[in-house]
Every structure is written in C-alpha cells, then in structure tokens.
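A quick write-up on the structure given underneath.
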Amino acid sequence: MKTIGPGEFKAKCLALLDEVNESHVTIVVTKRGVPLAKLSPVSKEYRHPPALHGSVLREKDIVKPIGDTWEVDR
C-alpha cells in the first residue's frame, strides 16, 4: 500500500489511476498523516459486467400515437 498527500494526488491523479490499474496496488491519500481516501483497483467481475444485449426494447418512433384508445374518468 502506498500513501500520498492530497497535493500530490491532485497533481498526478490521472497517472495514479493508471498506476493502480496496472500494478493493482492500493493508494491511500493522507492529510497530515490522517487517511482521507483510498484508491484501489476494481475487481475483474466489476470490469466486465454481464452483457445487457437484448434487455432493452426500442421503439422506432416515440412521438407517433400508438393507436390504443384510452378511457378517462372525469
């Protein structure tokens, strides 16, 4: 586990994200020695969630009336 200050984290944020992704090492951001946040790699299951292909229905024209008659109680 690696620790860094908030100033260094701000200056090197994108590079640190790449480092965590490649090396799978957790980085703890500290302020005056007190841990504030933890940057850790994401599990493999989260990186590749199950495919949702086919789970969403698509309408060709969402503005056109659907042709159904509705009854309204007044």
In nanometres, what is the gap between the two model label sites at LEU36 and VAL63, each 7 Å from Cα along Cα-to-Cβ? 4.9 nm
Tell me which lysines have Cα within less than 20 Å of LYS38's Cα, excluding those fewer than 8 residues away on the same chain? LYS2, LYS10, LYS12
What nm value, rounded to one decimal, do you get for the distance between MET1 and VAL56 when each label is placed 7 Å out toward the C-beta? 3.8 nm
Over the chain, the sum of -39500 (n - 2.57) across DSSP H runs of at least four, divided by residue number and rounded to 500 deg cm²/dmol, gives at 222 nm -9000 deg cm²/dmol
On a 0 to 90 degree scale, rounded to 10, what angle separates helix 6-23 from the longest Cα axis of the chain? 70 degrees
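Every number in this text was worked out from the coordinates using simple rules, so none of it is lab data. Everything quoted here is computed from the prediction, not taken from an experiment. Cβ sites come from the backbone with ideal geometry, for glycine too, and all protein chains shown count toward neighbours.
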